[in-house]
Structure formats: C-alpha cells, structure tokens
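Below you'll find the structure, written out as structure tokens, and then a few comments.
The values are calculated or read from the model by the stated rules, or taken from the named source; none is laboratory data. Keep in mind it's a predicted model, so treat the numbers as computed, not measured. Cβ sites come from the backbone with ideal geometry, for glycine too, and all protein chains shown count toward neighbours.
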C-alpha cells in the first residue's frame, strides 16, 4: 500500500509496505522542475484544503468571439459538474448522433470542479431550442447558437476562476500584501502538475523514446517533455530574479498573444511596458535548433537543455521546432474575500495557463483525495 500526501506542485510518496514509489527511476531534477519549482514570493502563507467539493473550484471560459449565428455547426455553452470534458463531449455526440471526433472544444477542464465551457457539434435534427433543454446530473446546456465551424483546441481568450480554499489560517494583512504583490508583478508561468500526468506519470515514459510511445499517449508525453524543460529554464530565471524583467538577449512576448520580438537592448519604454504587464520575457518551448535568445539568456537556456538530454531528444525526434512561451503570467482582476471557513479567490488568466501556478504563490494546498491534477 502506498500512502500519498500530495501538496501544491509537490509529490511525497510514502511506501508503507516497502514497495517502489510511482516515480521510481525518474531523475530527481525532473520531479523538482515539473512538480516543485521554486516560488517567486517566498513561502506560502499557509496550508489549505482545495476541492472539498466541486463548487469550490469554478472556471468559466471566455471565448473572445461571438457565435456566428449561421452555419453547419452548433455552438453550445455547457455547465458541467464533477464530470470529465471528454466524457461530456461523447454524451453530446450521442445526443446528436455524430461521431465523438466531430465534437469540438477549446480545452480540457478539471473534472472535480464546476466548469462552464463551450463545445461545437454538427448541425442535426436536434433544434437549438431542444439543445437548451438538455440537462443531466453531470451537465446542462445553457445556450445553443448556429456556428460556422468546429471549435478548435485553444480557441478561447482566457478563463475566469472562482476558487475556495478552506481551513486556511492567514491574516487579512498577509493575504492583502501577497495578493497585491501578485496583481502588480504576476507569477511565474509554470506548467502545472496537470501537464505531467497523475503524480507525474508522464515523466516516467520520456526515457523510453519516441518509437516506444503509442497513440494517444505520445502527445501527452511530448508535451510533458517540452513543459519540463520550460519549467526548468523558468526556475533558473526565478532563482536569479530575472523572471519578470527584460534583459538584452531576451525574446519578449506580448501579453495574452503569441507575438514575440527580440530585445537587443532594454530602454525606458520596454522597462515601463514590462512593469505594466504589457510584455514579458519568454522561455524556450524546446525543439530542433537553438533558442532565439542571445547572450546570457541563450547560455542559460542552452545549459538547461543540456541538463535534460532525454526530453530534448524526444521532442527533437518528433520534429518539433523551437518556440517561445511567456515566463510571466499576468493575473487579472485578482480579488479575495473571506468566508467563515474559507478564502475565496477570483481572477482571470489567459489561455494556456494554470490556476495552480497562481495558488501555489499564496497557499500550499491539499485535496481530499490527494489529486490536484484534474484533467485540464
């Protein structure tokens, strides 16, 4: 029997019967970079309980565009509770008698949560009005609109969160100071534990090499390898204090967008834009070739790549090219309120980012079942 005590971005297996822990054989540096990278603002303010019930973690997608109003697809706004995104997609396919692969959604959302997200299904005999009557214990359709195309992965502007952390012992002053600091400076844009599988299980498959990976596990393991190197590079920038400021040789990223540009020299304008969270330094999403940075930043990123030869070789063998991701995550509209036995946090993040990266800069948390990852 293996007892697991799982805290925010950390993994502590305790083997009570002398067996092997789940990540046996995985280098400690990989586990640290993936599940326990350094925090930017010091120790957490305290320990709390997350996901005591699904309503404690509420996320709502912001598509960033309006339904087309015409077309051969139906855009559905769905509220799900304690349900897996892919399971909901299969249920929607069953209702309209389509193939599950024809159902579109922008991204996976945590199972043990209340999530409001968008799906597309092919137009069928099911009318728009009929769609809005669909209601099960696990999900309900809130809106239905005609739309021109299947919703692709990543097709959203961001996500809004309302997260309740229970049993926290923290003063109002401590919390106000930490929330204010995060609002002004953002947080390190680490990939959360979701990216690395349950208890980091995807890490254990990286060393097998590309040919040993089967579909659909290949995509998850490649993503874990790339994310591992990014987290390790970001960790180095957190340690030297440069994660939230630009320096010569950086590649800057425009907030909330994929646009990047090289920084040959840092002037007052760039410094001010960085302070305003308009632009951020970026880190490597590893692939073929060398990172696009220069000078000290290139040396740092190249050194990190050499420290993770197996993940680097895996993504290169898959034909992936070097790309960039923001090192910093701006946390918009961050607010907190106190309830009798909980702290409630509200904030908005751009797509592709993780609420856990925000939470870990405030609290250390555990969950009733020891599962922080969900299925995001």
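For the structure I just gave you, tell me whether residue 201 is more than 21 Å from residue 287 (Cα to Cα), in a helix (DSSP H, G or I) and assigned by TED's automatic domain parsing to the domain that holds residue 304. Yes. Residues in the stretch 256-269 that are surrounded by 19 or more Cβ atoms within 10 Å (Cβ to Cβ) and more than 19 Å from residue 290 (Cα to Cα): 256 only. Listed residues 139, 196; which is in contact with a strand residue (DSSP E or B) (Cβ under 9 Å, 6 or more places away or on another chain) and touching a residue at least 40 places away in the same chain (Cβ under 8 Å)? Criteria check complete, one pass: 139.
Yes or no, residue by residue, for (1) over 30 Å from residue 275 (Cβ atoms); (2) under 16 Å from the mean Cα position of the chain (by Cα):
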{"residue": "181", "(1), (2)": "no, no"}
{"residue": "187", "(1), (2)": "no, yes"}
{"residue": "217", "(1), (2)": "yes, no"}
{"residue": "227", "(1), (2)": "no, yes"}
{"residue": "231", "(1), (2)": "no, yes"}
{"residue": "239", "(1), (2)": "no, no"}
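Return the total of residues in the stretch 287-304 being out of contact with any strand residue (DSSP E or B) (no Cβ under 7 Å at 6 or more places or on another chain) and either closer than 10 Å to residue 322 by Cβ or outside the structural domain of residue 29 (by TED's automatic domain parsing) (or both). First the steps, then the outcome.
Just the residues of the stretch 287-304 that are out of contact with any strand residue (DSSP E or B) (no Cβ under 7 Å at 6 or more places or on another chain), to begin with: 290, 294-300, 302-304.
Of the ones still in play, those that are also either closer than 10 Å to residue 322 by Cβ or outside the structural domain of residue 29 (by TED's automatic domain parsing) (or both) are 290.
Residues flagged as out of contact with any strand residue (DSSP E or B) (no Cβ under 7 Å at 6 or more places or on another chain) and either closer than 10 Å to residue 322 by Cβ or outside the structural domain of residue 29 (by TED's automatic domain parsing) (or both) within the stretch 287-304 amount to 1.
Condition check ((1) at pLDDT 50 or above; (2) exposed (fewer than 15 other Cβ atoms within 10 Å of the Cβ); (3) within 18 Å of residue 228 (Cα to Cα); (4) outside the structural domain of residue 232 (by TED's automatic domain parsing)) across all residues:
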position: 7; (1), (2), (3), (4): no, no, no, no
position: 16; (1), (2), (3), (4): no, yes, no, no
position: 19; (1), (2), (3), (4): no, yes, no, no
position: 25; (1), (2), (3), (4): yes, yes, yes, no
position: 28; (1), (2), (3), (4): yes, yes, yes, no
position: 39; (1), (2), (3), (4): yes, no, yes, no
position: 52; (1), (2), (3), (4): yes, no, no, yes
position: 55; (1), (2), (3), (4): yes, yes, no, yes
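Checked against the criterion of being in a loop (DSSP other than H, G, I, E, B), under 30 Å from residue 164 (Cα atoms) and without any contact (Cβ under 8 Å) to a residue 40 or more places away in the chain, the stretch 94-111 contains not a single residue that satisfies it. Among the numbered criteria (1) at pLDDT below 95; (2) closer than 27 Å to residue 364 by Cα; (3) surrounded by fewer than 18 Cβ atoms within 10 Å (Cβ to Cβ), which one does residue 173 miss? All conditions are met except number (1).
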